[in-house]
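Asker: My structure is below; once you've seen it, I'll send some questions.
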Amino acid sequence: MLAPAFFLRPFEENDAPQIEALHELAFGPGRFARTAFRLREGVEPDPDLSLVAMFGDRFGGSVTMTPMRIGDDSALLLGPLAVHPDFGKRGAGRGLVRATLEAARLAGHRLVLLVGDEPYYGPLGFRRVDPARVWLPGPVDTRRVLLAELEPGAFETANGLAKNWHWG
C-alpha cells in the first residue's frame with residue numbers, strides 16, 4: 001500500500017499544540033538555548049508565511065518564517081522546519097521550504113536567513129554566509145549560517161548583526 005501524499009496548507013491557530021509537540025520531539029528542550037531561538041524570542045512568526053504539511057488528515061510537519069534584521073535591513077528567519085519521523089523522506093520538508101520561500105518572495109521579502117545544513121538547504125537556494133559580513137548574537141557553527149536571496153542582488157547588502165526584530 002502506498003503512503004498518503006502530503007499537501008501544504010497555511011498555519012491555523014489550532015495547529016500550535018501539534019507544532020510544539022513536534023518541536024519537542026525533533027529538537028528537545030535544548031532548543032530554547034539555541035541562538036536561532038533567541039532571534040525568534042518574543043516575535044510572532046508571520047502567519048502568511050507559516051505552513052503545515054498534512055498527510056491525509058494527519059499533521060506531518062511545519063515551517064515558520066519570523067521577521068528579523070540583518071544590520072539595518074529587514075529579513076526573515078526560516079525555521080524551525082520539522083517533519084514528524086512517521087513522514088520523513090517523503091519530500092514534505094523541502095516542499096515546505098520551497099512554498100514558504102515563494103510566498104515570501106511574492107510578499108516582497110528580499111532575504112531569508114537560517115541556521116542549517118548546506119547540503120540540505122543549498123539546492124533550495126541557500127548559500128553559506130561569510131561570518132565577517134553577517135554574524136549571530138550567540139554561539140553558532142558559522143558554516144551553518146545560510147542566506148537565500150529572494151530578490152537578485154539582495155545578498156550584496158547583507159551585512160551586520162542578525163538580530164531579533166525588537167532589538168532595533
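Asker: Relative contact order for region 6-167: what percent, with Cα pairs under 8 Å and sequence separation of 6 or more?
Answerer: That works out to 24 percent.
Asker: While we're looking at this one, here's another question. So, with +1 on the Cβ of K and R and -1 on the Cβ of D and E, and no other charges, what is the size of the charge dipole of region 6-167 about its Cα centre, to the nearest 20 debye?
Answerer: About 500 debye.
Asker: Projected onto the charge dipole of region 6-167 (+1 at Lys/Arg Cβ, -1 at Asp/Glu Cβ, origin at the Cα centre), which of SER50, GLY160, THR100 gives the Cα projection farthest towards the positive end?
Answerer: GLY160
Asker: Computed FRET efficiency, Cβ-Cβ of TYR120 and ASN14, R0 25 Å: what is it to the nearest 0.05?
Answerer: The computed FRET efficiency comes out at 0.30.
Asker: Neighbouring Cβ atoms within 10 Å as the yardstick, rank LYS89, LYS163 fewest first.
Answerer: LYS89, LYS163
Asker: What angle do you read, to the nearest 10 degrees and between 0 and 90, between the alpha-carbon axis of helix 92-106 and the longest principal axis of the chain?
Answerer: 50 degrees
Asker: Which Rg and Dmax, in Å, describe the Cα atoms of the chain?
Answerer: 15.5, 53
Asker: Only helical DSSP H runs with n ≥ 4 go in: add -39500 (n - 2.57) per run for the chain, normalise by residue count and round the 222 nm mean residue ellipticity to 500 deg cm²/dmol.
Answerer: -6500 deg cm²/dmol
Asker: Using Cα atoms only, what is the angle between the long axis of helix 16-27 and the major principal axis of the chain, expressed in degrees (0 to 90) to the nearest 10?
Answerer: 70 degrees
None of the figures in this text is laboratory data; all of them are computed from the coordinates on show. Everything numeric in this text was worked out from a predicted model, so none of it was measured. Glycine gets a Cβ as well: all are built from the backbone with ideal geometry, and neighbour counts include every protein chain shown.
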